[in-house]
Amino acid sequence: MKPVPFVTLWWVLLLVSRLGATRKESPEETSFYYGTFPLGFSWGVGSSALQTEGSWDQDGKGPSIWDAFTHSGKGKVLGDETADVACDGYYKVQEDIILLRELHVNHYRFSLSWPRLLPTGVRGDQVNEKGIKFYSDFIDALLESNITPIVTLHHWDLPQLLQVKYGGWQNVSMTNYFSDYANLCFEAFGDRVKHWVTFSDPRTMAEKGYETGHHAPGLKLHGTGLYQAAHHIIKD
Ligand SMILES: *[C@@H]1O[C@H](CO)[C@@H](O)[C@H](O)[C@H]1NC(C)=O
């Protein structure tokens with residue numbers, strides 16, 4: 001199997017059309033200029049939990065399929081890199097907020113780690129209050145800096161127990177577990193977070209996870225893997 005580059009720095013440029021830009025612009029202003037951006041656009045950057053947080057087993061977090069995949073030691077990731085520490089974002093909230101302020105962005109897209117909030121993946125088993133507090137404090141810190149959070153619910157790091165016990169996205173029951181998890185997130189953060197993304201790049205998640213095996217959980221279920229995973233993801 002070809003190793004895949006894993007820890008990549010991928011700042012996503014996010015352009016969000018500002019809602020309610022009411023000022024009437026002259027025809028000259030509304031025409032498109034190369035090298036400029038129209039009035040009413042906002043700037044943002046983004047990240048994912050696995051690629052930034054680190055602390056993969058700290059404060060009650062459960063393992064994700066990417067933790068298991070990178071720990072397998074079978075050369076699945078270039079240089080056998082792991083996300084155990086990553087950017088150490090779990091312990092660098094204030095530093096990251098300062099960096100975002102220096103960039104003068106007013107939106108930040110990031111993802112929540114499902115197994116940090118629900119160590120087994122199942123809401124009925126256990127909710128990790130330290131995980132809730134981590135994201136809650138982070139959201140507050142963003143808002144205090146006038147940065148609007150855009151929150152991705154799931155960016156590939158499925159709780160490992162849902163994978164080993166039930167087959168992950170091959171199993172239709174993931175839709176129920178995901179729905180319970182999403183409701184927890186809305187209840188805990190929905191008073192402050194108004195922009196939500198369900199899945200980041202679901203096609204890659206289904207194809208490379210269950211068909212080619214290049215990504216976690218590394219399954220090569222040729223022919224049906226991709227379609228079954230995609231079907232269950234779409235159901236959410
Ligand atoms: C799908 O998940 C359920 C639990 O929600 C489990 O009872 C069932 O055995 C799983 N099916 C497969 C094929 O693993």
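Looking across the stretch 149-180, just one residue is of a type in the set (Ser, Thr, Tyr), within 18 Å of Ser111 (Cβ to Cβ) and touching a Ser or Thr at 6+ places or on another chain (Cβ under 8 Å), and that is Thr152.
Hey, could you check the stretch 75-99 for residues that are under 18 Å from the mean Cα position of the chain (by Cα) and in a loop (DSSP other than H, G, I, E, B) and say which is surrounded by the most Cβ atoms within 10 Å (Cβ to Cβ)? Residue satisfying both the conditions and the ranking: Ala83.
A search for C-beta distances below 7 Å between a residue of the stretch 211-236 that is farther than 25 Å from Gly73 by Cα and any residue that is in a loop (DSSP other than H, G, I, E, B) and hydrophobic (A, V, I, L, M, F, W, C), counting only pairs 6+ apart in sequence or on different chains, returns His232/Val172. Can you find even one residue in the stretch 182-202 that is within 16 Å of the ligand (Cβ to nearest atom) and in contact with a helix residue (DSSP H, G or I) (Cβ under 9 Å, 6 or more places away or on another chain)? No, every residue in the stretch 182-202 fails to be within 16 Å of the ligand (Cβ to nearest atom) and in contact with a helix residue (DSSP H, G or I) (Cβ under 9 Å, 6 or more places away or on another chain). The set of residues from the stretch 117-146 being closer than 21 Å to Pro202 by Cβ and either out of contact with any strand residue (DSSP E or B) (no Cβ under 9 Å at 6 or more places or on another chain) or surrounded by fewer than 24 Cβ atoms within 10 Å (Cβ to Cβ) (or both) comprises just one member, Leu117. Taken together, the residues in the stretch 152-161 that are away from the ligand (no atom under 14 Å from the Cβ), farther than 21 Å from Asp137 by Cα and under 13 Å from the mean Cα position of the chain (by Cα) amount to 2. Filter the stretch 106-128 down to the residues that are in contact (Cβ under 8 Å) with a residue 60 or more places away in the chain and charged (D, E, K, R) and list them by number. Residues satisfying the conditions are Arg109, Arg116, Arg123. Among the residues of the stretch 100-112, are any part of a loop (DSSP other than H, G, I, E, B) and modelled with pLDDT of 95 or more? Yes - at least one qualifying residue is present in the stretch 100-112. Per this entry, Gly225 is counted among residues that are modelled with pLDDT under 95 and within 16 Å of the ligand (Cβ to nearest atom). Looking only at residues of the stretch 162-174 that are among the polar types (S, T, N, Q) and within 10 Å of the ligand (Cβ to nearest atom), we find that the one that is surrounded by the fewest Cβ atoms within 10 Å (Cβ to Cβ) is Ser173. Pro149 - would you say it is within 16 Å of the ligand (Cβ to nearest atom) and buried (at least 17 other Cβ atoms within 10 Å of the Cβ)? Here the answer is no, as Pro149 does not meet what is asked.
The values are calculated or read from the model by the stated rules, or taken from the named source; none is laboratory data. The shown structure was predicted, so the numbers you read here are calculated from the model rather than taken from an experiment. Glycine gets a Cβ as well: all are built from the backbone with ideal geometry, and neighbour counts include every protein chain shown.
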